[in-house]
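The structure appears below as structure tokens.
The values are calculated or read from the model by the stated rules, or taken from the named source; none is laboratory data. Keep in mind that what you see is a predicted model, and the values were worked out from it rather than measured. Cβ placement follows ideal geometry from the backbone for every residue including glycine, while neighbour counts extend to all protein chains displayed.
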């Protein structure tokens, strides 16, 4: 597998409409650590990745995709259109 893409954690969290605090509580990871993971300041260990994948409802492979986060307005605008 290629390198883990921390930006995909942010994308998954925003798709699920979760704040960092809410995801931290749901996954059992501290909010400061989650912030460091999302910003690429701390490597995401395999067991942490599994916790995030379960909490977010995405397969682990999702977090290895090369992807970039779009501006928030674009994300929410498209989410509303999908409803």
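Taken over region 53-73, residues that are assigned to a loop (DSSP other than H, G, I, E, B), touching a helix residue (DSSP H, G or I) at 6+ places or on another chain (Cβ under 8 Å) and modelled with pLDDT under 95 amount to 4. For residue 77, the stated conditions hold: it is farther than 16 Å from residue 8 by Cα and modelled with pLDDT under 95. Checked against (1) part of a loop (DSSP other than H, G, I, E, B); (2) at pLDDT 95 or above; (3) over 13 Å from the mean Cα position of the chain (by Cα), residue 29 passes all but condition (3).
The residues on offer are 36, 21, and the sole one that is modelled with pLDDT of 95 or more and more than 16 Å from residue 4 (Cβ to Cβ) is 21.
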